Amino acid sequence: MLKLEEIDAYYGDLQALWGISMQVNEGELVALVGPNGAGKTTTLRVITGLLKPASGSIHFHDHHLGKEPAHKIVELGISQVPEGGRIFTGMSVLENLELGAFLPKARVNKDESLKWVYSIFPRLEERMEQRAGTLSGGERQMLAIGRALMSKPKLLLLDEPSFGLAPILVEHIFEMITEINKQGVTVLLVEQNIRAALELADRAYVIENGRVVGQGVHEDLLSFESVRSAYLG
Amino acid sequence: MLAALAQGLVFGILVGALYGLAAVGLSLVFGVTKFLNVAHGELLMFGGYASFWLFTLLDVDPFASIPLCILFLLLIGLLLYKVLFSRMVKLPTEDKIRNTLLVGFGVGLILQNVALRLWTADDRGITPDYAGVAFTVLGVRFPIVRVASLVIAFVFLFALQLFLRRTYTGKAIRATVEDWEAATLMGINVHRVYLLAFVMGAALAGVAGTLVAVGYSVEPAMGMHWTLKGLIVMVMGGVGSITGTLVGGLILGVAESATAILISGNYRQVVGLVIFILVLLVRPQGLLGTKEG
């Protein structure tokens with residue numbers, strides 16, 4: 001479904017990704033794990049078009065993504081929950097969700113999508129009229145995920161959904177992610193919470209210093225320093 | 001004294017509504033694009049001259065000329081954006097403000113000289129038959145063109161508010177103001193939003209210019225003066241708050257006329273700058289603005 005081949009990417013003169021290759025198949029929940037600053041977020045930015053790769057190719061179904069502007073990539077069915085959620089704090093919960101269905105195709109099914117999102121996160125329906133800035137950390141993350149689902153994406157990219165949340169909330173959010181995946185949305189999950197992510201995912205890629213250093217199911221990955229320290233530390 | 005104050009209050013409110021309208025355009029553009037378009041005052045001036053020409057050459061009523069002025073300024077805005085400002089879209093915010101400031105000054109100078117060439121340095125006003133008509137309530141004069149201008153300013157601000165709150169496009173604009181990257185991830189083409197905000201800002205300047213030309217007068221050097229008022233009011237109101245900007249405009253108008261009456265007309269311009277500094281010191285987010293997060 002999604003295939004990255006030999007991606008190099010730079011921030012200015014600084015190379016952040018070195019020949020990243022990875023693949024996500026339809027229906028899978030794939031984790032991308034690694035230490036802070038390894039290039040996980042950068043990889044997502046390259047997929048969603050916020051950062052253009054210097055070389056390499058990205059394919060989503062039959063589409064070549066490398067040169068498409070970011071807003072076009074959303075149209076193809078890729079939706080990202082950015083790090084920290086980045087909800088629109090000055091707007092209401094409902095307005096945030098409506099913006100998730102901004103694209104004409106998504107707008108037609110807005111009411112249906114709203115029902116779907118509310119069925120996954122009933123809390124959002126209760127808070128509908130509230131200003132998003134007044135939500136708690138967990139609710140913000142729910143809103144960020146709900147907003148990304150409003151476009152009925154085929155592929156959902158999640159960047160550190162557990163970041164800054166209490167353990168009980170992390171567990172809840174991860175359960176919801178599994179549920180969303182079960183309902184047919186393919187998920188690529190970026191996590192620093194390596195242990196939880198590996199338990200959740202079908203497969204995982206380990207990324208260090210901008211390179212993919214390993215892949216497999218979680219037993220295969222225990223030889224990696226960053227993975228081992230997550231279990232032992 | 002009391003009568004003079006009451007009259008000053010009314011005149012202050014009447015001009016303040018125009019300050020608000022001028023500032024809302026500037027604020028919309030700045031909030032969305034982070035362009036500090038200091039040629040906003042010159043755009044306003046062009047709106048004024050456009051209705052002046054329509055009135056003197058074609059006998060079009062100034063209030064009826066508003067739609068044409070909007071169209072005219074939309075085109076100027078489109079041209080400026082496509083030729084100049086779109087080149088600065090991708091710069092980091094700080095550079096964007098600096099570069100647009102410079103480009104804005106340049107554009108302002110050019111527009112000033114074009115105006116000088118086309119309309120000379122004289123003050124020009126629009127004087128339809130009803131220009132001098134006023135009604136009096138409790139000894140306070142209300143010139144009808146200025147009252148009508150206030151109503152029109154309110155209508156435009158209200159319509160803008162509705163547009164930003166209720167329509168999908170308006171919500172996309174507000175989302176872009178808050179976080180353009182997150183907006184992009186919603187599938188919003190932020191470059192289109194920038195263009196839209198820029199031309200809307202120009203159109204609002206056009207409306208304000210028409211109202212200034214009919215209630216007061218226009219001349220080629222007025223631009224900087226109005227940009228400055230716009231900046232003061234924008235900071236007072238808080239970027240992105242239309243209600244705040246309107247209130248800020250009214251306060252500036254009233255403060256100016258109160259100063260003129262109580263202290264001296266010479267201090268009229270100073271009071272705005274004093275308020276500007278005070279707001280920055282005490283409430284940098286603006287009178288009705290909210291803090292981040």
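For chain B, what does the relative contact order come out to in percent, with C-alpha contacts under 8 Å and a separation of six or more? It would help to have the intermediate numbers written out before the result.
Details: 483 pairs, mean separation 113.7, N = 293.
Here the relative contact order equals 39 percent.
Computed from label points 7 Å out along Cα-Cβ, the spacing between A:Ile168 and A:Glu75 is 4.5 nm.
Using helices alone, what [θ] at 222 nm do you get for the protein assembly as shown, with -39,500 (n - 2.57) per DSSP H run of 4 or more residues, divided over all residues and rounded to the nearest 500? Please list the in-between numbers first.
Details: 21 runs with 302 residues, N = 526.
Computed mean residue ellipticity for the protein assembly as shown: -18500 deg cm²/dmol.
Projecting the Cα atoms of B:Tyr130, B:Ala205, B:Ala175 onto the charge dipole of the range B:121-239, computed from C-beta unit charges around the Cα centre, puts B:Ala175 farthest toward the positive end. Annotated for chain B: lysine pairs at least 8 residues apart or interchain, Cα distance under 21 Å, count 9. Among A:Glu68, A:Glu98, A:Glu208, the largest mean-square fluctuation in a Gaussian network model of chain A, built with springs joining Cα atoms closer than 10 Å, belongs to A:Glu68. Mean per-residue shielding of peptide B:165-177 is 3, counting Cβ atoms of other chains within 10 Å of each Cβ. Rounded to the nearest 10 degrees, the inclination of helix B:66-83 to the longest alpha-carbon principal axis of chain B is 40 degrees.
Short-range pairs are left out: with C-alpha atoms under 8 Å and at least six residues apart, the relative contact order of the range B:119-176 is 16 percent. Amide hydrogen proximity for A:Val212: with H placed 1.01 Å from N in the peptide plane, the residues at 5 or more positions away or on another chain lying under 5 Å are A:Ser21.
Within the same chain, lysines fewer than 8 places from A:Lys182 are excluded, and of the rest, those with a Cα less than 25 Å from its Cα are A:Lys3, A:Lys40, A:Lys105, A:Lys110, A:Lys115, A:Lys152, A:Lys154. Using θ = phi - 60° in the Karplus curve 6.51 cos²θ - 1.76 cosθ + 1.60, the 3J(HN,Hα) couplings for the range B:9-19 round to 4, 5, 4, x, 5, 4, 7, x, 4, 6, 4 Hz; x is entered for Gly and Pro. With θ taken as phi - 60° and the Karplus curve 6.51 cos²θ - 1.76 cosθ + 1.60 applied, the whole-hertz 3J(HN,Hα) list for the range B:169-174 is 4, x, 5, 5, 5, 5 Hz, x standing for glycine and proline. Of A:Glu191, A:Glu160, the sequence from fewest to most neighbouring Cβ atoms within 10 angstrom is A:Glu160, A:Glu191. In this calculation the C-beta distance from A:Asp202 to B:Thr169 is compared with R0 = 56 Å, giving a FRET efficiency of 0.90. When each of B:Trp226, B:Trp119, A:Trp18 is scored by the number of other beta-carbon atoms lying within 10 Å, the sequence from fewest to most is A:Trp18, B:Trp119, B:Trp226. Taken one residue at a time, the phi angles of the range B:232-237 give Karplus couplings (6.51, -1.76, 1.60, θ = phi - 60°) of 4, 5, 4, 5, 4, x Hz. Gly and Pro are set to x. Positive contributions from Lys and Arg (+1) and negative ones from Asp and Glu (-1), summed over other residues with Cβ under 9 Å from the Cβ of B:Gly240, come out at 0.
Taken together, the values in this text are just the output of simple stated rules run on the coordinates, not laboratory data. Owing to the predicted nature of the structure, the values given are computational and were not obtained by experimental measurement. Don't worry about glycine lacking a Cβ; one is built from the backbone with ideal geometry, like all the others, and counts go over all protein chains shown.
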